[in-house]
Amino acid sequence: MDFGLEGKVAVVGGASKGLGRACALGLAREGARVVVCSRSVENLTLAAREIADETGAEVVPVPSDLSTLDGVQSLINQTVEQMGGLDIIVNNSGGPPAGTAEGADEEAWAQAIQMSLLFFARMSREAVPLMRERGGGRIINIFASSIKQPIENLVLSAATRMGALGYSKTLADEVAKDGILVNNVAPGYLLTDRMMEVIHHRGDATGADYEEAMADLTGMIPMGRIGRPEELANLVVFLASDAASYITGATIQVDGGVIRSMI
Ligand SMILES: NC(=O)c1ccc[n+]([C@@H]2O[C@H](COP(=O)([O-])OP(=O)(O)OC[C@H]3O[C@@H](n4cnc5c(N)ncnc54)[C@H](OP(=O)(O)O)[C@@H]3O)[C@@H](O)[C@H]2O)c1
């Protein structure tokens, strides 16, 4: 299938590793020109080079801190300067701090609101006028299974991402007539550095080692295994493509069946 992504400009956040890197690689494989962003210059430059070498695509590293408005504006401005505009944004960054509903303090709340609520609104607000200029675009938000069911010790993920989901659905209504499609993906448990940390924490809490904690986790997943980052990236590439031309305002989970909610 021709996804129609050849030459499209895609911006992928949190792309030095994990889910963001997998999305950048998937888009580059389809011929998109990709801007990758994260805070660490060294890791990001290496990731950009590796993706470019593997795919032959143009991959431009733009280091920035996406938990601030300045950081988001700098990413979008540099994208326009270097690529002449943009067509696709994959809104992904570091996750919010861990914490219980009773225990999360003011500092953790403030950090989570920047990282996992305002980040999504800022990226879209900066990108929409540029997409309009090009006659359309795609906005894909990477959320979490917490938008369908709470995750233990991650109250800030549920609380902030539900707000981002409300923003995203409203935005989808407002920009549909401009040919801008806005969709969300909800990963369950996919093996990245962040997920390894989560598994270590789960083990520490019960006295289990990493293998035992992993077995305990995969035992809860109907497919009986943790996911791979590229299994999320495949969906993101599809949503960015011409093949997804009548999908907007949707939220799709990539979770091996772990989410218990029926819709
Ligand atoms: N993995 C999963 O199964 C899963 C499940 C549910 C939700 N999620 C969510 O998906 C997102 C990505 O998760 P992941 O597992 O891929 O995490 P990861 O492996 O820790 O990667 C996070 C990426 O984001 C970058 N980053 C972190 N803070 C940033 C900031 N302030 N500005 C710019 N870039 C930043 C990191 O690079 P630098 O350190 O260089 O900035 C890195 O490239 C997170 O929000 C996470 O909560 C993941």
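Since every read-out is calculated from the coordinates, none of them should be taken as a lab result. The structure presented is a predicted model; accordingly, all values stated were derived computationally and were not measured. As a convention, Cβ positions derive from the backbone with ideal geometry for all residues, glycine included, and neighbour counts pool all protein chains shown.
Here are a few things to note about the model shown:
- Each part reduced to its alpha carbon centroid, region 192-254 and region 104-182 end up 19 Å apart.
- Once C-alpha pairs closer than 8 Å and six or more residues apart are averaged by separation and normalised to the residue number of the chain, the relative contact order reads 20 percent.
- FRET efficiency, 1/(1 + (r/R0)^6) with R0 22 Å, evaluated for S40 and L69 via beta carbons: 0.60
- Annotation: the residues F120, F3, sorted from fewest to most other C-beta atoms within 10 Å of their own C-beta, follow the order F3, F120.
- By other beta-carbon atoms within 10 Å, ranking I199, I89 with the fewest at the front produces I199, I89.
- 3J(HN,Hα) along region 171-176, derived from phi through the Karplus expression 6.51 cos²θ - 1.76 cosθ + 1.60 where θ = phi - 60°, amounts to 4, 4, 4, 5, 10, 4 Hz, with x in place of Gly and Pro.
- Label-reachable residues, region 1-19, where backbone N falls under 14 Å from a point 7 Å from S245's Cα toward its Cβ: 2-5
- Per DSSP, loop chymotrypsin sites (Phe, Trp or Tyr not before Pro) in region 171-259 with at most 10 further Cβ within 10 Å: Y246
- Value in Å of the Kirkwood radius, where region 135-259 supplies the Cα pairs that are averaged: 15.7
- Annotation: extensible slack from H201 through A108 equals 31.7 nm (criterion: 0.36 nm per residue apart, minus Cα-Cα distance).
- Of M115, M223, M123, the residue with the greatest mean-square motion in the GNM of the chain, using alpha carbon springs below 10 Å, is M223.
- For G99, the residues 5 or more places off, or on other chains, whose built amide H falls under 5 Å of its own are L154, V155, L156.
- Once backbone amide H atoms are built at 1.01 Å from N, G137 has I180, L181 as its partners under 5 Å, excluding neighbours fewer than 5 places away on the same chain.
- Value of D in µm² per second that Stokes-Einstein yields for region 57-205, Kirkwood Rh from Cα pairs, at 4 °C (1.567 mPa s): 79
- Evaluated over the chain, the Cα radius of gyration and Dmax, each in Å: 17.7, 55
- Sorted largest first, the principal axis extents computed over the alpha-carbon atoms of region 1-58 equal 34, 19, 16 Å.
- This ranking places V59, V12 by how few other beta-carbon atoms lie within 10 Å of each, fewest first, which gives V59, V12.
- For peptides 98-104, 180-186, sequence by mean Cβ density within 10 Å, most packed first: 180-186, 98-104
- If you run the Gaussian network model on the chain, springs between alpha carbon atoms under 10 Å, then out of I139, I51, I151 the most flexible one is I151.
- Sparse-neighbourhood loop sites, trypsin sites (Lys or Arg not before Pro) in region 202-263 - DSSP loop, at most 16 other Cβ within 10 angstrom: R225, R260
- Unit Cα scatterers, Debye sum, region 1-105: log10 I(q)/I(0) for q = 0.17, 0.18 Å⁻¹: -0.71, -0.78
- Residues of region 169-190 with amide N under 14 Å of the 7 Å Cα→Cβ point at T218: 189-190
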